[in-house]
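In what follows, a structure is listed as structure tokens, so that the remarks can point back to it.
The values are calculated or read from the model by the stated rules, or taken from the named source; none is laboratory data. These numbers were taken from a predicted model, which means no experiment stands behind them. Heads up, the Cβs are rebuilt from the backbone with ideal geometry, glycines too, and the neighbour counts pull from every protein chain shown. Note: accessible area is taken over every heavy atom of the protein model, side chains too, but ligands, DNA and RNA are not part of it. Shrake-Rupley method; radii C 1.70, N 1.55, O 1.52, S 1.80 Å.
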Amino acid sequence: MQNEFMPPLKSAGAQDETLDLRPKFNADGLIPIIAQEAETGQVLMLAWMNAVSLALTLKTRQVTYWSRSRQSLWRKGETSGHVQHLVEILTDCDQDTLLLRVLQTGPACHTHRRSCFYRKIEDGRLRVVSSSEDARN
């Protein structure tokens, strides 16, 4: 599967206003993805997609990312069963970041927490604000 997306427009203003899907992948061919629970609005994780994983996600409605560490496609939940079903995708103004609204099965984080964003910075230190128990709720 090759890149089936149109390239970004050269004019920033035109890119900001186009109704064509023209994702702006970085020099490594990746685009950052924010996954958000569709029912609650909770931010679950940040990950990356390439053109192939984005196309697969759009086609199957099951979220597939690009693993930078393994340099391979990563279907979320493939081994854990904690899948993400795509509800909708939103793009920011210049299409260099995507927001996936998903229905998350089980925890999204490899630490078994519902969200990868489970620590809060307070007075220069980290404080845990959600536990692995949150994934069961």
The helix 51-60 Cα axis meets the longest alpha-carbon principal axis of the chain at an angle in degrees, between 0 and 90 and rounded to 10, of 70
Ignoring ligands and nucleic acids, Met6 exposes an accessible area, probe 1.4 Å, in Å² to the nearest 10, of 80
Could you report the stretch 7-127's accessible area per residue, 1.4 Å probe, as an integer in Å²? 58
For the stretch 28-33, 3J(HN,Hα) per residue [Karplus equation, 6.51 cos²θ - 1.76 cosθ + 1.60, θ = phi - 60°, Hz, x = Gly/Pro]: 8, x, 10, 9, x, 10
Relative contact order for the stretch 35-137, counting Cα pairs under 8 Å that sit 6 or more residues apart, in percent: 22
Under 29 Å between alpha carbons, and skipping anything fewer than 8 positions from Lys59 in its own chain: which lysines qualify? Lys10, Lys24, Lys76
Accessible area of the stretch 26-111 with a 1.4 Å probe: how many percent of it is carbon plus sulfur? 53
If I take all pairs of Cα atoms in the chain, what percentage of them are more than 17 Å from each other? 61
Would you kindly derive the ³J(HN,Hα) couplings of the stretch 5-20 from the backbone phi angles with the Karplus curve 6.51 cos²θ - 1.76 cosθ + 1.60 (θ = phi - 60°), listing them in order in whole Hz, with x for Gly and Pro? 9, 5, x, x, 6, 6, 7, 4, x, 5, 4, 5, 10, 5, 9, 8
Looking at the chain, send over the antiparallel percent of its DSSP beta bridges, to the nearest 5. 80
Report the Cys residues of the chain lacking a disulfide-compatible partner, meaning no second Cys Cβ under 4.7 Å from their Cβ. Cys93
